[in-house]
1. Please give the number of the condition ILE36 fails out of (1) under 19 Å from LEU13 (Cα atoms); (2) under 29 Å from the mean Cα position of the chain (by Cα).
2. If you scan the range 1-18, which residues turn out to be surrounded by fewer than 18 Cβ atoms within 10 Å (Cβ to Cβ) and under 21 Å from ASN114 (Cα atoms)?
3. Can you tell me which of LYS48, LYS44, LYS32 is surrounded by fewer than 17 Cβ atoms within 10 Å (Cβ to Cβ) and in contact with a helix residue (DSSP H, G or I) (Cβ under 9 Å, 6 or more places away or on another chain)?
4. For the range 1-37, give me the residue count where each residue is touching a residue at least 60 places away in the same chain (Cβ under 8 Å) and among the polar types (S, T, N, Q).
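Values quoted throughout were computed directly from the atomic coordinates according to the rules given, and no laboratory measurement underlies them. Computed from a predicted structure; not experimentally measured. In this analysis, Cβ positions are derived from the backbone assuming ideal geometry, glycine residues included, and neighbour counts consider all displayed protein chains.
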Amino acid sequence: MSIESMLGSLDRLRQLHQSLLELSIKKTELLKSGDIAGLQKVLKTEQKHIQAINTVEKQRLALVQEWAENNQLDPETVNVSSILDHLDEKAAAGLEQHTTTLAEVIVDLKAQENLNQDLLQQSLQFVQMNLDMIAPSIEQMNYGNKQNANDPKAKRSVFDSKA
C-alpha cells in the first residue's frame, strides 16, 4: 500500500466536502427565499453526498490501518502526525497539504451549516410568533362582555340568592 492511495482518498473526501459546501450555500439561498420544494431536492442530494463521504472515509480508514500494519505501528493510535514522521519530505508535504485543504473545507462547511441552522431557527420563531398572533387566547374565547374586576357591580350575580 502506498501513500498515493491515501492521498487519493483524501482528495476524494475534499471534493465531496467541497460539493457539500456548495449545496449548503444553495440551501442558504433556498431558506432565504422560502423555496420548500427546492430545499427538499437539495436535502436529498445532501444525503447522497453524506453516504458517499461515509463510504470514502471507511476506505481511507482501511488504507491507514493497512499502512500502519505494514510499518509496524498500532493502527488504533496512528494519526496524520505519526504518518508524517515516517514519510520522506516530498510525500509528507503532499499529505500535509491534502489534510490541510480538507480541514479548511470542513471548517467552511461547518460555518455555513451553522448559518443555515440559525436561519431555520429564526424561521421557526417567526412562524410560531405568527401562529400565536392568529390563534385566539382563552380570554378571547369566553362569551359575553369583558368586565372590570374592580367594578362592584360586575361581581353581583343576575339572580338574587336570598330566597
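1. (1)
2. Correct list: GLN15, GLN18.
3. Result: LYS32 is the single residue among LYS48, LYS44, LYS32 that is surrounded by fewer than 17 Cβ atoms within 10 Å (Cβ to Cβ) and in contact with a helix residue (DSSP H, G or I) (Cβ under 9 Å, 6 or more places away or on another chain).
4. Number of matching residues: 3.
Matching residues to (1) among the β-branched types (Val, Ile, Thr); (2) within 30 Å of SER123 (Cβ to Cβ):
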{"site": "GLY8", "(1), (2)": "no, no"}
{"site": "ILE25", "(1), (2)": "yes, yes"}
{"site": "LYS32", "(1), (2)": "no, yes"}
{"site": "ALA37", "(1), (2)": "no, yes"}
{"site": "LYS48", "(1), (2)": "no, yes"}
{"site": "GLN51", "(1), (2)": "no, yes"}
{"site": "LEU61", "(1), (2)": "no, no"}
{"site": "ALA68", "(1), (2)": "no, no"}
{"site": "LEU73", "(1), (2)": "no, no"}
